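S.K.: Input: one structure, supplied below.
The values are calculated or read from the model by the stated rules, or taken from the named source; none is laboratory data. Note that the structure is predicted; figures quoted are calculated from it, not measured. As a convention, Cβ positions derive from the backbone with ideal geometry for all residues, glycine included, and neighbour counts pool all protein chains shown. In case anyone asks, the SASA skips ligands and DNA or RNA and just uses the protein heavy atoms, side chains included. Shrake-Rupley method; radii C 1.70, N 1.55, O 1.52, S 1.80 Å.
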Amino acid sequence: MKTKVTLPDGSVRSYDGAVTAMDVAKSISEGLARNVLSARVNGEVRDANRTLPEDCTLSLLTWNDTDGKATMWHSSAHVMAEALEALYPGAKFGIGPAIENGFYYDVDLGDRSIGEADFAAIESKFKELVAKKLTFDRKEVSKADAIAYFTEKGDEYKLELIEGLQDGQITFYEQGNFTDLCRGPHIPDTSGIKAMKVLSVAGAYWRGDEKRKQLTRLYAITFPKQKELDEYLLMLEEAKKRDHRKVGKELDLFTFSERVGAGLPLWLPKGAALRERLINFMKTAQEKAGYVQVATPHIGSKTLYETSGHWEKYGKDSFQPINTPQEGELFMLKPMNCPHHCEIFASRPRSYKDLPLRLAEFGTVYRYEQSGELHGLARVRGFTQDDAHLFCRPDQVKEEFLKVIDLVLLVLKALDFKNFEAQISLRDKVDRSKYIGSEENWVKAEQAIIDAAAECGMKTVVEYGEAAFYGPKLDFMVKDALGRKWQLGTIQVDYNLPERFELEYVGSDNAKHRPVMIHRAPFGSLERFIAVIIEHTGGRFPLWLTPEQAIILPVSDKYLDACAHIAGMLKDSDIRASVDERNEKVGRKIRDAELAKTPYMLVIGEKEAADGTVSVREHGQGDLGSMSPTAFADLVKARIAEQLNGRVAEKEHKTN
RNA sequence: GCCUUUGUAGCUCAGGGGUAGAGCACUUCCUUGGUAAGGAAGAGGUCCCGGGUUCAAUUCCCGGCAAAGGCUCCA
């Protein structure tokens, strides 16, 4: 018998008799064999020490492969479980998968609990086990034997998992003193695990069901080198430094108050001004794109939300209605702007010539979020959407999508997001019972979205079954500077509300027609959007957006008058600048301005005061030399113009 | 809402059964200094809130509230 193996580079190797992936690795090089964690055989990831089929394609997976990492983390989860079983006898185990960064294991400790203080003990037990160079032995077992094993052990979670499996497809993996129900694959042995850290502990419902028991979920990560763990921990520190809650406080942008209430942000002057700039940016762009601005109140009659259907669907999970003292009328804090906008559409007869009608409002809405769900500005209970509703004819959907996409791209460019993709959410391919609206309209709209996205040449993924019941949608996902994913802008087609509000327009045929409604919010919400740009930029906002564009630093208070004069000139050029009048040395003023992330510092001393120049220093760059105030103003304006056209970003990146 | 952790000066944090500390920020004074921290003095606290144990609680216990990390949910 011969085994024929095709490697990723296309080369074919032939072996006598049965071989494993590990054998193949050894035949290539000892070094490779040491690094092999698992293998992809005919597309399936398997243990490296399993016998290969006679004819197969093989990729040897190491730490450099996502699947290789996942194998090591999954094996690490088993070892951590063994450690937990040793430290907490009688613990029962749920599931322990590898995740994007590391792994976790869900465990039922009975009435015991694990806190951060216990991490060290778990880590040292883990290291002790790993040092034994444990191997993972795969065993195929019958369903009856599997049930017998875990009945004996008294682990009802594993028994429940086994129940869902087919006899003949059940495998156990055994390492050291620990045997687990597991599909595999696993690493050859634990000698490659050189560093381990328990990261956090949290509660997690068994099978994600809040009605079932809450298990203790222990998150951890392992690495093949201590240095890599150190780097990972350093990266986590970096992310912490960019945390919008921390940066927001440092830059005096916003705050929260217990007395005002959780999840209700208070915008400080600098933050409020930054918000205003974003709003004005969007307003200007929307005006150019043919939107009209409307304004509606913060509450609306409960009847309005009964009409829209929101009351029935979300009423229980909303802030409860407020009532009037005399008449007992019920009002809702508005959770969304669309019902109000529908009423504006319905306020008078509409002709097809009026369409598309684009109603825009920076509308503040209030949504109840569970207390545990609140998170800085990213998840709040009161927030302002850059909302608009487009009422159009079915044949205008694509054109409107194109225009909205343009708007979103403008935003992404102005904020220096280069890494993004569009997700198109369509109907379930099979089950169409839950969707409202005619087949014809859906087909048309889905095609319109796909075409519009294609025409813009965006990186796009299509998800079937992700559409809302009322229409298909397109969401923008961006990656920030640390590679974390965020969902920002959204564009959604809605067939439901026009129906419920019985919206109509008169067509060219003089008959009544139902308009299509499109919800869209390029920022999503200002709160969330600002949170994302803070974390993306680390607080070093684009020049056009930043709170203070320049700070003027007198070398001594003899030059305060000269500084005031420069400040006035800059103000006339619409540049945001102030004078640091403190009785400190320039070195100190520069340091503070650098820490405050002020883009430009203008030093004024004897020389500048005499010849009317400014000595310019750029944040993070250092001294740029001196120039006239006008030249500086021009420089700032040119920078801003470039940023708003989206070109400066790439340039800056190259010089960095 | 649930699990784990946390709550001490404006900020970052130390401390601990006998009514409290540091650095930065702040105020005043000295200093007038040229590209990342000049010096000195001073002021500032309901130790998150409520209850309990104790001769005595900021510290220990219980209950709230808020925050952090998760889970669940999300128009």
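S.K.: Determine the distance separating the Cα centre of region A:533-580 from the Cα centre of region A:99-129; give it in Å without decimals.
M.R.: Here the answer is 51 Å between Cα centres.
S.K.: Then there is this: From the square roots a ≥ b ≥ c of the eigenvalues of the alpha-carbon gyration tensor of chain A, which class results: rounded (a/c under 1.5), prolate (a/b over b/c), or oblate?
M.R.: oblate
S.K.: Next up: Return the carbon/sulfur percentage of the accessible area of region A:2-62, one whole number, probe 1.4 Å, all protein chains in place.
M.R.: Roughly 46 percent of what the probe reaches on region A:2-62 is carbon or sulfur.
S.K.: Karplus couplings for region A:540-555 from phi (6.51 cos²θ - 1.76 cosθ + 1.60, θ = phi - 60°), rounded to Hz, Gly and Pro as x?
M.R.: Once rounded to whole Hz, the list reads 8, 5, x, 3, 5, 9, 4, x, 10, 7, 8, 10, 9, 10, x, 5.
S.K.: Tally Lys and Arg at +1 and Asp and Glu at -1 over the other residues with C-beta under 14 Å from the C-beta of A:Ala146: what net charge comes out?
M.R.: -4
S.K.: Can you tell me the dipole magnitude for region A:67-239 around its Cα centre, using point charges on the Cβ only (Lys, Arg +1; Asp, Glu -1), in Debye to the nearest 20?
M.R.: Charge dipole, region A:67-239, about its Cα centre: 200 debye, nearest 20.
S.K.: Could I ask something else about it? Where does chain A land at 222 nm, in deg cm²/dmol rounded to the nearest 500, when only DSSP H runs of n ≥ 4 count, each adding -39500 (n - 2.57), divided by all residues?
M.R.: After summing the helix terms and dividing by the residues of chain A, the value is -11000 deg cm²/dmol.
S.K.: Now for a different question. Counting only protein heavy atoms and a 1.4 Å probe, tell me what percentage of region A:550-655's accessible area is made up of carbon and sulfur.
M.R.: Of the solvent-accessible surface of region A:550-655, carbon and sulfur hold 50 percent.
S.K.: Work out the length of the dipole vector of chain A about its Cα centre, built from +1 on the beta-carbon of each Lys and Arg and -1 on the beta-carbon of each Asp and Glu, and round it to the nearest 20 debye.
M.R.: Approximately 640 debye in magnitude.
S.K.: Between region A:68-91 and region A:347-417, how far is it from one alpha carbon centroid to the other, in angstrom?
M.R.: Using only Cα atoms, the two centres lie 47 Å from each other.
S.K.: Pick out, in residue order, every one of the GluC sites (Glu not before Pro) in region A:315-372 that is DSSP loop and has at most 11 other C-beta atoms within 10 Å; say none if there are none.
M.R.: Taking region A:315-372 and a limit of 11 other Cβ atoms within 10 Å, the loop GluC sites (Glu not before Pro) found are A:Glu327.
S.K.: Once the dipole of chain A is set up with Lys and Arg at +1 and Asp and Glu at -1 on Cβ about the Cα centre, which of A:Leu595, A:Ser508, A:Ile162 lies farthest towards its positive end?
M.R.: A:Leu595
S.K.: How about region A:545-632: which chymotrypsin sites (Phe, Trp or Tyr not before Pro) there are in a DSSP loop, with at most 13 other Cβ atoms within 10 Å of their Cβ?
M.R.: Nothing satisfies the criteria.
S.K.: Looking at A:Leu644, A:Met627, A:Asn583, which one has the Cα that reaches farthest to the positive end of the dipole of region A:550-655 (charges on Cβ: Lys, Arg +1; Asp, Glu -1)?
M.R.: A:Leu644
S.K.: Right, something else. What is the set of long-range amide H partners of A:Gly605 at a cut-off below 5 Å, with H atoms built 1.01 Å from backbone N?
M.R.: So A:Gly605 has HN proximity to A:Val555.
S.K.: Under the rule of at least 5 residues apart or a separate chain, name every residue whose amide H is placed under 5 Å from the amide H of A:Ala521.
M.R.: Under 5 Å from the amide H of A:Ala521: A:Thr490.
S.K.: What is the set of long-range amide H partners of A:Leu199 at a cut-off below 5 Å, with H atoms built 1.01 Å from backbone N?
M.R.: Under 5 Å from the amide H of A:Leu199 lie the amide H atoms of A:Tyr219, A:Ala220, A:Ile221, each far enough along the sequence or on another chain.
S.K.: What net charge do the residues around A:Leu474 carry, taking every other residue with its C-beta under 12 Å from that of A:Leu474, with Lys and Arg at +1 and Asp and Glu at -1?
M.R.: -4
S.K.: Got a number for carbon plus sulfur as a percent of region A:292-393's accessible area, 1.4 Å probe?
M.R.: Of the solvent-accessible surface of region A:292-393, carbon and sulfur hold 50 percent.
S.K.: Which whole-angstrom value gives the distance between the alpha carbon centres of region A:205-279 and region A:610-624?
M.R.: Region A:205-279 and region A:610-624 have Cα centres separated by 36 Å.
S.K.: Still on this structure: Please state the shape class of region A:2-62: rounded when a/c is under 1.5, otherwise prolate if a/b exceeds b/c and oblate if not, all from the C-alpha gyration tensor.
M.R.: rounded
S.K.: Residue farthest toward the positive end of the dipole of chain A, with Cβ of Lys/Arg at +1 and Asp/Glu at -1: which of A:Thr6, A:Thr51, A:Trp544?
M.R.: Value: A:Trp544.
S.K.: What is the angle, in °, between the Cα long axis of helix A:397-414 and the longest principal axis of the Cα atoms in chain A? Nearest 10 is fine, range 0 to 90.
M.R.: Taking the Cα atoms of chain A, the angle to A:397-414 is about 90 degrees.
S.K.: Moving on to the next point. Which GluC sites (Glu not before Pro) in region A:87-190 sit in a loop by DSSP (not H, G, I, E or B) and have at most 14 other Cβ atoms within 10 Å of their own Cβ?
M.R.: Taking region A:87-190 and a limit of 14 other Cβ atoms within 10 Å, the loop GluC sites (Glu not before Pro) found are A:Glu100.
S.K.: May I pose another question? Kindly report the accessible area of chain A per residue (heavy atoms of protein chains, probe 1.4 Å, no ligands, DNA or RNA), in Å².
M.R.: Here the per-residue accessible area is 49 Å².
S.K.: Under the classification rounded if a/c is under 1.5, otherwise prolate if a/b is larger than b/c and oblate if not, where does region A:201-274 fall, given a ≥ b ≥ c as square roots of the Cα gyration tensor eigenvalues?
M.R.: It comes out oblate by the Cα gyration axes.
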